[in-house]
Each structure stands twice: as C-alpha cells, then as structure tokens.
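These notes concern the structure reproduced below.
The values are calculated or read from the model by the stated rules, or taken from the named source; none is laboratory data. Values in this document were obtained by computation on a predicted structure and should not be read as measured data. Every residue, glycine as well, gets a Cβ built from its backbone with ideal geometry; the counts of neighbours run over all protein chains shown. Note: areas computed on protein heavy atoms with side chains; ligands, DNA, RNA excluded. Shrake-Rupley method; radii C 1.70, N 1.55, O 1.52, S 1.80 Å.
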4 protein chains.
Amino acid sequence: MTRVGIVGATGYTGAELVRLLSAHPGIELTVLTSRQYEGVRFDHVFPAMAGRIDLSCEAFSVNTLCDKADFVFMALPHSLPMQYIPELIHRGKKVVDLSADFRFNNPAIYESVYQSHVAKDLMKEAVYGLSEVYSDRIRRASLVGNPGCYPTSILLPLIPLIKKNLIDLDSMIADSKSGVSGAGRSLSLTTHFCEANESFKAYKIGTHRHTPEIEEILSEHAGKPISISFVPHLLPITRGMLSTIYVNLNKKISAEDVRGCLHSFYARRPFIRIRPENQPPDTLYVRGTNYCDIGLKLDQKNNRMIIVSAIDNLVKGASGQAVQNMNIMLGLEETTGLTLPPSAI
Amino acid sequence: MTRVGIVGATGYTGAELVRLLSAHPGIELTVLTSRQYEGVRFDHVFPAMAGRIDLSCEAFSVNTLCDKADFVFMALPHSLPMQYIPELIHRGKKVVDLSADFRFNNPAIYESVYQSHVAKDLMKEAVYGLSEVYSDRIRRASLVGNPGCYPTSILLPLIPLIKKNLIDLDSMIADSKSGVSGAGRSLSLTTHFCEANESFKAYKIGTHRHTPEIEEILSEHAGKPISISFVPHLLPITRGMLSTIYVNLNKKISAEDVRGCLHSFYARRPFIRIRPENQPPDTLYVRGTNYCDIGLKLDQKNNRMIIVSAIDNLVKGASGQAVQNMNIMLGLEETTGLTLPPSAI
Amino acid sequence: MTRVGIVGATGYTGAELVRLLSAHPGIELTVLTSRQYEGVRFDHVFPAMAGRIDLSCEAFSVNTLCDKADFVFMALPHSLPMQYIPELIHRGKKVVDLSADFRFNNPAIYESVYQSHVAKDLMKEAVYGLSEVYSDRIRRASLVGNPGCYPTSILLPLIPLIKKNLIDLDSMIADSKSGVSGAGRSLSLTTHFCEANESFKAYKIGTHRHTPEIEEILSEHAGKPISISFVPHLLPITRGMLSTIYVNLNKKISAEDVRGCLHSFYARRPFIRIRPENQPPDTLYVRGTNYCDIGLKLDQKNNRMIIVSAIDNLVKGASGQAVQNMNIMLGLEETTGLTLPPSAI
Amino acid sequence: MTRVGIVGATGYTGAELVRLLSAHPGIELTVLTSRQYEGVRFDHVFPAMAGRIDLSCEAFSVNTLCDKADFVFMALPHSLPMQYIPELIHRGKKVVDLSADFRFNNPAIYESVYQSHVAKDLMKEAVYGLSEVYSDRIRRASLVGNPGCYPTSILLPLIPLIKKNLIDLDSMIADSKSGVSGAGRSLSLTTHFCEANESFKAYKIGTHRHTPEIEEILSEHAGKPISISFVPHLLPITRGMLSTIYVNLNKKISAEDVRGCLHSFYARRPFIRIRPENQPPDTLYVRGTNYCDIGLKLDQKNNRMIIVSAIDNLVKGASGQAVQNMNIMLGLEETTGLTLPPSAI
C-alpha cells in the first residue's frame, strides 16, 4: 500500500487532504508536517478528527519524509515547494504540489506574477493537474502542479468549447465567487468573521494571479494567445465556488448543442455533471464533494452563452482534485476515496 | 405635517418603510394596511418596533386611506397596485408604488413580462423613480413607479457613461447578486434557511423580469434600443446587492476619466459614493443605508471597464429610494429621514 | 443484501437517510416514498445526489413497500407512522420510526403532548433507539422508536451519571441550541432565511414536547419520577445541536471522576467522544457525522457540574442514529456506513 | 456643544461609538485616536462612513486630547485605561471607560482576574455604568466604568428580582450566547470566518472574567456574597447577545408577578422592554439598538423562573450604554442619539 505524506497538513487544504485520505482505501497516511504545530497530535489541532487519525505533526525534513512516504502532497504557500520538490523527485517520489509553483509551463509568466523560480527545469516536466483534461499526461507524471480553484471552475467548462471553436475568443468574461476557505487559515481582516459575514465584494479586480494561469491553459487549447476578463468575489460561506462565464458565440447554435459538446467531452468523467437547463448549479449541491457541476443558458438576443460552474473550492478546487491526480498517477480508479455521498443541505 | 399611509406594511419593503418613516421628521405615519395581519398591532408583527410605533394594521380600504393619508406608499405585489392607484390619484393623493406596475412607459413591454395592465393611461403619467436621474420629473409627479432593486444598482453607474457615449452598447453584461430579503417575506423553498445558507446560485438566467425594465431606461438614454445580458444570483445574506458590470469601451480612456464622468454627473448627490480604486464597494458598507457605492477598474488588456455597484436592496433598492422620492415630491430635502449612520459591521 | 425503503424520503431526515444509505455497503436502497414528489426522480428533488441514486419517488403503499423492502425507515410527521407501522410489523418487516409515535412506554404521556395513539399495544413492544444505552434491546427489536434530537444530546451524558447516583435529581437544567434543519423542510416564518439569519432566540420555553420524552427515560434510570428544566433555542446554522447541562453534585467529586464515569460507561462505543477539559465540544467538530462529543467542567464554587454535548441534529440526532439502530437490528457492525470522515471546517 | 474624543476609535466598540456619536445632536466629535491607523482618515479604515465623518486618526496624546475634547471615551484593552485616565480626570475631563479597569469597587477582585491596578484610588470614585440601575450616581460621576456586555444582559433582569427577594440566591445560572463582534477586531482563529461560521460552542466555562464583575454587583444588591454559574457561548452572528437565566423562586409566585416587578422597577426606562409571554426576545429585535428586551417564563413544575434577555453586545452591551452614560453625565436626555429605528430584519 502506497505510503503518503502531507507537507503543510494544518492549513485548510492540508486538513482537507487528511479528511479525504483518512477514508481512502488504497493508501496509508504516514507523515503529516506542520511548522506551527510540530509535536502536536493532528486531532488536537482539528478535534473533528478525534478517533480517526493517530498521527502527530512533525517538522518538515526531506530525509524523514523520504523514509516514510512514497507519495507526497505539498500543501505549502508558493515559493516554498519549488525549494523542496526537486530533491523529492530526485529521490524517486511522486508529488502533487497544491501551490502555484509548478502550474506554469512558461517561467516568465510565473515570475511576472509570483517571484523568481528556482526549479525551472522541473517546471517543464511538471504536468498541469486538471484531471479530466490532462489525465494521460498525469498518468505518466512524477510531478503534478495542482490547478488553482478559480482556474478549475473556469477551464473545465471552457476548454471543450474552445476546442470545438464555438466561441469568440475575444469575448470571454469570468465572474467568479469563492467561499472564505479559499483564503486559507492564515489570519487577516478579510477573513475575520465580522468583516466577511453579511458582506459580499469583488477583490483584486483584473489583477488576480489566477488570471495568467487561466490564460496560459486557454491559449494552449486555442492555439493562440488568449486573454480573459476575470473578477473574483468573496462569498460569506465557508466552502463553495461558482463561476458565471459569458462568451459570445461564433455562430448561432443552441444551448443543447453546447451541452452536447460538454457531454461528449466529459463522457465517462464521473465528477463532471452537466445540469439540465432548469436546474442550474448551486454551491450547496457540490459541498464536500469532488464534483464540478456545469449549467448552460443561451442568451439568444445577445448571441451570448452563459455558463455557470460550481465546485467546492477545497475539494475539486484543491485537495479533492489532488487526490484524483494521485489516483491517476498510482494507477488507481480515478474516484477512489472521492465517492463520499453529497448532502442535500 | 404630511400624513402618510403604507399599503402592504407587513412585507419586508413595507416594514422597511415603517422603519425609515418612523424616524422621519417631516411626515406623520397614520395608516398601515395588511391583509394578513388586519387588527394586529404592527409591533406584534415585528417586535423589533416595540415602543416605537403605536399603530395597528388595517384592512385596505380606499376611503379610509384617503381620509387618513395625503401621501401613499403601495408595497403590494404587482397587478394589485394598478387596480387601486387610479382612484387614489383621482382623489388627489400622491403615490409612490414599489411594484413594477408603473415603472414602464411602454405597456407592451410590461404586458410581455407581467400581465395585462388595467391603467395604461396612468402608466404614461407615472415617473420612473430613479431619484438621482429623474429628480426634476419626480418633483412634479403625482405618481412615481419606484425602480426595481437590480435596475437601480445597474442603471445608476451606466446612465452617465451612456450619456457620454463612452461604452459599446452591444457589450453590456451585468452579473448581479442579491441578498435573500429581495425575495420578500413570502415562504418558499428558495428562502428556507437551510436551502439558502451556505449556498450560492444563479437563477432566472437571462429571463428575469428586471431585464426589460433595465433595457427600457438604458434605451431612453442611448436614444436607441439596447439589450443587456443580465444574470441575477442569490447571496446567503439578508440585505445587500452587488452588481459587477462589464462594458467594452468605445475608445482608450482611463478609469480616472470614467470616474470623473460619474463624479460630475453625481456631484451634489449625497447618496452616490464613487469609491477610490483601491477600495471597491462592499455590501457591508451600505447595509441599512440609502447609499449606492460605485467602484471602477479598467481591464486595460481587454479594453473593458469593470464597474461594481453596491446597494442595500431594501433601502436604495426599494424603501429608501421610495422615501427619497417622497421627499422630492413633497419639496423636502432629499436626504430627510435617510441619514441614519452606517455601521462598520 | 437487505432491501431498504424510506417512507417520507424528501424531508430533511429522509434525505439524510438517503445520503447515508446510498454509501452503506450492507444494504440496498429500493424504495423511496414521497407524497409531494410522487413520480419525480430523487436527484431532481435534491440535485446534490445527481449521479448517485437512480430511484424515483413513489406514493406510499403498504403493499409495494412490503414487496420491495425488508427493512423500513419511517420519516413522517408524528401521527402518521402509528397508522402504517402495525401492518408492516405484522408482515414481518423491521422498522425504525423517526417520529415520536413509538418513543414512549407510557401512552398517557404520549397522548398528553401529541394526540391519541391508535397502536398502543405496539408501543409497548417498541424499543427506544438510544443506540449506546439500549443496544441489547434494539438487537432483538422489530420496531425501534428513534429518539428526538434534543433527548439524544441530553440523555447520552446524563444517564451514566444518574446510574452512578452522582447528581442531585432535582437540579437538572438543559439549555439546548439547535440548527435550523431541526425544524424540517416545511415552510414557516421561523425558518425563513431573513428571520433566522443573524438571529438567536429561545422558543417553547418549558413546553417543548421533547421534555416528557427526556423525563420518561431519565425516570427509568433513576428509578423514580424525574423532572428537568429544558429550554430549546434556535441557532442560525443549518446543522448542529449543543446542549449545556447544569446539575448539582451529590458529593464533592472531581470533573475527572465524572469524566471517568462516562469513559467507562461508553468504553467501546465509537460514536461517543469524551473531550479533554481544554477542548470543549463544538458543533463544527461533529457536522455531518454520527458522533456525540461530550465535555465536562466542574463549577467548584457552586458544586455544580457543567456538561456540554454536541451532535449533528440530522445525524446522531436523527438519521445517523436510525442507521446505527438498523445496523444493530440487522446484526451488522454498529458503525457500518457511518464512518464518513469529519471535516475540519 | 460638548467636544468629544474617542481613544481607540478603530476597534469595534470605538467604531460603534463613532457610528452613534456621528448622529448625536448634542455633541461634537473632535478627536479619534488609533495607534494602528495614525494619520489615516477614519472613513478609509471604515469605508461605510464615507461622507459621514471628516476626521483622521491621531496617535494618543494626553495634551492633544485635553485641548480638543471635554469628554472622553476610552475604548482600549484593559490595563491601558488605568494609566491614562487619572491625568484626564485631574485635568477636569469626564470619562467613560469601556474596559474593565474601572468596573470594580474591590481592587482585589480586579487584580485576581486581570492584573495589578495602578489607580486604585480612582477605582473607588468611579461609578459602575449600568445606566438604568445607577443613573443617580452616574449623573454626578466624572468617571464611569462601562459594564461588560455579559454583565449588562444578566444584571438588568436579575437586580430587580434580588432587591424584591424573590429568588433563591444559591440557584442562579446564566447561560449566555454572544455574537462574534464581542471578541473584538483583533485577529484570532476563534474569529476566523471558517472557524466561527456554522459553529457553536461554549468557551471559558466557569472561568470567564465577567463572572466576578457580575457577582460583585449582585452581591451589592443582595447584601451578601453571591455566586453564579456563568457559561458564555459563541454564536455565529456578528451582533447580538442572549442570556438564558435560571433561578429557583423563594416562594410560589407567578410569571406575571415577576413581570410586574420588572415593569415597576423599569417604569420610565425607555431602553428596557419587558416582552409579553408569547413573544420571547430575539437578538434580531434589538440589533443595532440600545434596547434590552426581557422575557419571562415560569417553569412551574420545578418552581424555577426562566428569564431571557437580549441586547446588541456592541450597543447596550458596550458603546450604546456608554453614550447613554455620557448623556446622563452631561445632563442630556438619556435617549439622545440612541433612538435609531430598529429594523425588522
């Protein structure tokens, strides 16, 4: 049984990995690292897990990690993973990195929005972990750069339409809304209960660092440079992300044609659910699950397609997709450990 | 002192009128009607108001209303006001109607999305109550059709830009998000706590009845028929509405130019607050107030302007603007009774 | 494999049964009934379940139910189950009833707070489904009356202390707080988002119908009639229940002694988690799970023990405990299908 | 017109003072101090106040403060006010301190739960600012120690009953629940949105520092040392506090008698609203207001009175009562600036 370690286990994406992996039948969780909680039992940091996990948090050490784990999830802030991962790969480990460090093909783009990159060679080997789109490459990868939450919610519905040349590439607008857990467990006024509760706002309008990530992948599929208007907003909910995407159509086609395009692209992809027209997605329908629900509506008068996608930002938008990628990398069934039943409320 | 009646006082917009008018120094609240709570003290229906109001709810009667009130707010579902208002106007009363019945100039548009109209003559006399834009007409009006909440949040930022011919009229998209109180006090699964809490969704995509209301007013200012893509969403908050509006620019202009256009259009308009670039609007900043906060950001790469406006859907989006219109109709200072201090949280 | 039916599958406890049973490895879900949604696919009523269940809702019919199911969950409002269950039992089915109809031993008590009972004989055969306390009886039962949510949260910590004669039986006070889902999916102003959000209140003070249910069970364990002050409150959260219980101690004993009493009573009971003193329960720690977390604190100056228990009102407080009871009745491992991993947030 | 300064204006109680005083007709706000935001316009720290206040935050300086203000609110964490206030009093200023520094008569009690006190003499002169109970002393005071939020909600209903000798002084239990704003604007995991949202928990069980504050005042009115069991809980709402109080009765009396006792004690006290039996308090009814709503229910079987009180923790529980005390100290009408209309939702 594959032994798995999580580096940065006490942030929200780390803890979500623990939740999912603690119930995963195909692997064994053997190492959890945390700088802040070194030496503390994981279930003392997160009492919800009492009785479910017997590990304590350790300081990060490459040697210990390599001794105890065959597969590693890096759940650290960007700039740290690129310092540690080359050694892990060198020692034959497989890695899914949840930061932005290995999401980009083009180092210049990464460096223009993050900072200088110290492992550019590895960057080229890394595979972008949008599971449904890149599963063939992921299967053969040693290192997967797990997608950002916003990019996941925007790319999954758009890529099939771009590949089929259905949409005007100059017209794309993504109006996205994320639950507060997307901002992580670090403290800030933005995530203070009293400032987020009963509040709704846009932030980093046109400047969010997920924009170039989205554009690099879209450009790859379009075969030419693509630009998108992307505006993130902060929702007063813990989990959930919904993107409302506006695109002009290249020709008069029906919503059913577009729905058919998505259906055929995602046939046999259990985590993509194309919604019927009268039942648009709701973040509540995907809460706690790895689903991406996609709805469509043709705005006929304006010849514009309106696409709505919903994910749980911590699951399909982060840790769930990371586990899905691990499953693919390990040759397991893609859905292993990810079939927790959804809840009506 | 003007005696004021509220027809339909126990819905949310009615109760919000009571809140605002109970502290209004220039009028006297004399009649509250409610079919459901006839004979019940208002502060038994809404215990928050205990000690603040001494009226009981009455059944609606034109005669009683005309005896007791000089000015009437109609806070009933559409289709009812058009049956009652002609008589009130005939008897010399001034009326602000919060339903859709008197918002349209063109009966055909109204009838295409609501139902047949029984007071088409009066429809033409009625003034659209977007206070900052139509104050001159409102001043002379006997009947004001108070704007919808979504139209208010979308029209206030767009009208000045359209008048200055700054934007591509074929490119307008409004992605709007509303708190649950916008759906009123009637019971439905949509507004059940467990279905709205921790949920976010789009609804009536491209089919919401506020779309033709927005388009009629925009067309008037553009001097030609205009169409807009409008998608409303439901936010898990009680009060607040935020619209994120995307428009292509006619020429290369800066966000500061657009901001200047809004500043000069709304100079001396105390309820419009143009936000600095680094402080975009937040529904929390306008909660409980009659403000409309507007932020701007130029998406230079796409030559697109991104406009964000925030209002409290029950105040500037309904009852507050209704009181503002009353003030204008009565020759009072526009802000009378509407200067309740905003709250930081 | 046991074939299972749910009567009343589209209320919240019914839907929660579907969630839990859809992932239960030891049974097969074969019938879902719903008066309101007859003929509608279950995943159209609850889109969260799309791709996870292929059943449509049926009208209730004893014959169909008996043909298709060996085991039946009744998730109907009280007064209905007592009309249907006798026939089901007569035909050899095993039944867990989630209403109050079969929770009481004494028909007079039931009738004093609900209505007249039409199956009093069966009432005496039914076993009260507080799983950890009555597992021996449950194992042999054909009919289990599943406990109320408030009683579950109050009885689990109190019964061991009463059996050990540690507490003054005249001093018991339970101050309980429940999430809104406890009120069910029926529409009411109380559960309207705008009336529950940002609100907190007590209700049915001293008159809630769970009081006699609690008192009957406590009296059984005390060997004499017992009375308790019980005040329920409504929390603005979807799921979760916390009871803060105040009891005077019979003698000077430490919190550790009381904790030890609970530990030994609930040894080998995986769903009861006794919390360490510095980590009191939080509804968030048990959300979506079948756990009951119990914390203790001695108020030395007043010689009073303060006990805090937390459950998810829909799981351990309703459907989870119902499944636990089914497991016991079917000779399965008590935890089967109930080991979904808890979530940190 | 009295010139007023606020020391610590950018915490939540400070900002709430600004909200209330910005609309107060009898004073002029002249100084706001903030260590963190020195030099920043107040409406940049709290954009809600844009257009409503023209002051910038200053560093704290006794000289500047004394030059610019006649009346000072101290909204700093405890231990700081006692260092600054003696000099302010010496220079003839009147002061309301919102910290715990001047709430106690007995320095030993203060020092046992806070830290050593450096202004013990002044402590004896300071008046406890429970406005309705101590208005005569407040009227003559130079320094008022503004009560804690929990004590306010517990003392207001209990004092009249103790004075009338209606309750068993050994039986008092207060189960209190507070909105998150009670924890202030400082960052902590407890107030992180994701940890507070959908959560409910008890904290500092039996050890909260408001306990001795409550007990000192109760003891004064009882004429002997009194002890109470007090358990605070954290509610996932921004504003609001509800205390459910359990007391055994000295003799058989009715809820109406107790209600009458409260009514006569608080006659002509506009901020105390005694609720009818069928309409218990709700935090929503007092949100944003200075009201304390009190409900009563006799638990006849147990001869126990159940009292429920609701306040807005930031208004009557802090800044509103502070303004009320200022009004009394300045000889203004007690309600001046505090009559903002309550909101139904």
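See the values below:
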| read-out | value |
| --- | --- |
| Test result for B:V144, hydrophobic (A, V, I, L, M, F, W, C), open to solvent by 10 Å² or more (accessible area, probe 1.4 Å), away from chain C (no Cβ under 14 Å) and closer than 23 Å to B:N325 by Cα | no |
| Residue in the stretch C:315-328 that is at pLDDT 95 or above and closer than 25 Å to A:R41 by Cβ present | yes |
| Filtered residue count, the stretch C:179-208, keeping only those that are β-branched (V, I, T), more than 7 Å from chain B (Cβ to nearest Cβ) and assigned to a helix (DSSP H, G or I) | 1 |
| Flag if C:K297 is free of Cβ contacts under 8 Å to residues at least 40 places away in the same chain and facing chain D (nearest Cβ under 8 Å) | no |
| Complete set of residues in the stretch C:209-234 that are within 7 Å of chain D (Cβ to nearest Cβ) and in a loop (DSSP other than H, G, I, E, B) | C:S227 |
| Where a residue in the stretch C:167-180 is more than 14 Å from C:I307 (Cα to Cα) and its partner, wherever it lies, is among the small types (G, A, S), with Cβ under 7 Å and at least six apart | C:L169/C:A222; C:G179/C:G240; C:V180/C:A196 |
| Any hit, the stretch A:61-74, residues being open to solvent by less than 50 Å² (accessible area, probe 1.4 Å), over 24 Å from the mean Cα position of the chain (by Cα) and within 14 Å of another protein chain (Cβ to nearest Cβ) | no |
| Conditions (1) among the aliphatic types (A, V, I, L, M); (2) open to solvent by 10 Å² or more (accessible area, probe 1.4 Å); (3) without any contact (Cβ under 8 Å) to a residue 60 or more places away in the chain: number failed by D:M49 | (2) |
| Meets criteria (closer than 28 Å to B:I89 by Cβ and open to solvent by 10 Å² or more (accessible area, probe 1.4 Å)) for B:L330 | yes |
| Qualifying residue in the stretch D:112-120 (condition: more than 17 Å from the chain's Cα centre (by Cα) and under 23 Å from D:L330 (Cβ atoms)) | no |
| The stretch A:185-212, residues that are open to solvent by less than 30 Å² (accessible area, probe 1.4 Å) and under 19 Å from the mean Cα position of the chain (by Cα) | A:H208, A:H210, A:T211, A:P212 |
| Selection from the stretch C:25-34 of residues that are surrounded by fewer than 19 Cβ atoms within 10 Å (Cβ to Cβ) and not polar (S, T, N, Q) | C:P25, C:G26, C:E28 |
| Subset of the stretch A:268-285 that is at pLDDT 95 or above and farther than 16 Å from B:H233 by Cβ - its residue that is most open to solvent (accessible area, probe 1.4 Å) | A:P270 |
| Inter-residue pairs, beta-carbon under 9 Å, first not assigned by TED's automatic domain parsing to the domain that holds D:G295 and in the stretch D:230-259, second surrounded by fewer than 19 Cβ atoms within 10 Å (Cβ to Cβ) and part of a strand (DSSP E or B), 6+ apart | none |
| Checklist (1) assigned to a helix (DSSP H, G or I); (2) closer than 20 Å to C:S243 by Cβ; (3) away from chain B (no Cβ under 14 Å) applied to C:D175, failing item | (1) |
| Test for B:S243: is it crowded, with 24+ Cβ neighbours inside 10 Å, farther than 30 Å from B:G5 by Cβ and under 20 Å from the mean Cα position of the chain (by Cα) | yes |
| Tally, over the stretch B:7-23, of residues that are more than 7 Å from chain D (Cβ to nearest Cβ), in contact with a helix residue (DSSP H, G or I) (Cβ under 9 Å, 6 or more places away or on another chain) and open to solvent by 10 Å² or more (accessible area, probe 1.4 Å) | 3 |
| Test: residue in the stretch A:302-309 that is within 21 Å of A:T238 (Cα to Cα) and either surrounded by 20 or more Cβ atoms within 10 Å (Cβ to Cβ) or facing chain B (nearest Cβ under 9 Å) (or both) | yes |
| Given (1) assigned to a strand (DSSP E or B); (2) under 24 Å from A:A100 (Cα atoms); (3) touching a helix residue (DSSP H, G or I) at 6+ places or on another chain (Cβ under 9 Å); (4) at the interface with chain B (Cβ under 9 Å from one of its Cβ atoms), number of the condition A:I245 does not satisfy | (4) |
| When residues of the stretch D:80-138 are limited to those that are open to solvent by 60 Å² or more (accessible area, probe 1.4 Å), touching a helix residue (DSSP H, G or I) at 6+ places or on another chain (Cβ under 6 Å) and assigned to a loop (DSSP other than H, G, I, E, B), the one farthest from D:S153 (Cα to Cα) | D:R91 |
| Filter pass, A:T336 being more than 12 Å from chain B (Cβ to nearest Cβ), of a type in the set (S, T, N, Q), open to solvent by 10 Å² or more (accessible area, probe 1.4 Å) and in contact with a helix residue (DSSP H, G or I) (Cβ under 7 Å, 6 or more places away or on another chain) | yes |
| Test: residue in the stretch A:35-44 that is within 14 Å of chain C (Cβ to nearest Cβ) and crowded, with 24+ Cβ neighbours inside 10 Å | yes |
| Among the residues listed as D:V231, D:V258, the single one being among the β-branched types (V, I, T) and over 23 Å from the mean Cα position of the chain (by Cα) | D:V258 |
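Rundown of residues vs (1) farther than 15 Å from D:D175 by Cα; (2) in contact with a Phe, Trp or Tyr (Cβ under 6 Å, 6 or more places away or on another chain), yes/no style:
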position: D:K224; (1), (2): yes, no
position: D:F230; (1), (2): no, no
position: D:I237; (1), (2): yes, no
position: D:K252; (1), (2): yes, no
position: D:A267; (1), (2): yes, no
position: D:F271; (1), (2): yes, yes
position: D:Q279; (1), (2): yes, no
